[in-house]
């Protein structure tokens, strides 16, 4: 059986075998999800958000312990979450890139505010 994983915000989509980790699906789709532990739920860097976890296999004990309640806010670990059907995955922006983008947005806002005077 095949599963389909769509990664946001890029919109990249990939079909994989049922049971494929979201981290492996991301690699196949050319989407970068950072990890330091090699997919062993040791680093927490591959934390992603899913729109609806019905397209995933049930969460295992290792992932549940690592997330410590964050699964209630739709967070999963890409190295542990396994595709079972159709699922949308929200990949957070790299922290450095997010900080730069925030600074650029603030600069644009200030520039626009200055033009109004």
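The values are calculated or read from the model by the stated rules, or taken from the named source; none is laboratory data. Everything quoted here is computed from the prediction, not taken from an experiment. Cβ atoms come from the backbone with ideal geometry, glycine included; neighbour counts cover every protein chain shown.
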Within region 80-97, residues being outside any strand (DSSP E or B) and under 23 Å from residue 5 (Cβ atoms) number 9
Could you check, for region 68-79, whether at least one of its residues is loosely packed, with under 15 Cβ neighbours inside 10 Å, out of contact with any helix residue (DSSP H, G or I) (no Cβ under 6 Å at 6 or more places or on another chain), in contact (Cβ under 8 Å) with a residue 60 or more places away in the chain and assigned to a loop (DSSP other than H, G, I, E, B)? no
Any hit, region 49-59, residues being free of Cβ contacts under 8 Å to residues at least 60 places away in the same chain, surrounded by fewer than 11 Cβ atoms within 10 Å (Cβ to Cβ) and under 19 Å from residue 2 (Cα atoms)
yes
Scanning region 33-42 for residues that are out of contact with any helix residue (DSSP H, G or I) (no Cβ under 8 Å at 6 or more places or on another chain) and modelled with pLDDT under 90 gives 37, 38, 40, 42
Per the list (1) within 13 Å of residue 89 (Cα to Cα); (2) in contact (Cβ under 8 Å) with a residue 40 or more places away in the chain, residue check on residue 20 breaks on (1)
| task | Would you confirm whether any residue within region 88-110 is more than 13 Å from the chain's Cα centre (by Cα) and on the phi > 0 side of the Ramachandran plot? | result | no
Restricting attention to region 7-24, the residues that are within 11 Å of residue 55 (Cβ to Cβ) and buried (at least 19 other Cβ atoms within 10 Å of the Cβ) number exactly 1
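So, residue 30, is that one out of contact with any helix residue (DSSP H, G or I) (no Cβ under 9 Å at 6 or more places or on another chain), in contact (Cβ under 8 Å) with a residue 12 or more places away in the chain and farther than 11 Å from residue 91 by Cα or not?
Spelling it out, residue 30 is indeed out of contact with any helix residue (DSSP H, G or I) (no Cβ under 9 Å at 6 or more places or on another chain), in contact (Cβ under 8 Å) with a residue 12 or more places away in the chain and farther than 11 Å from residue 91 by Cα.
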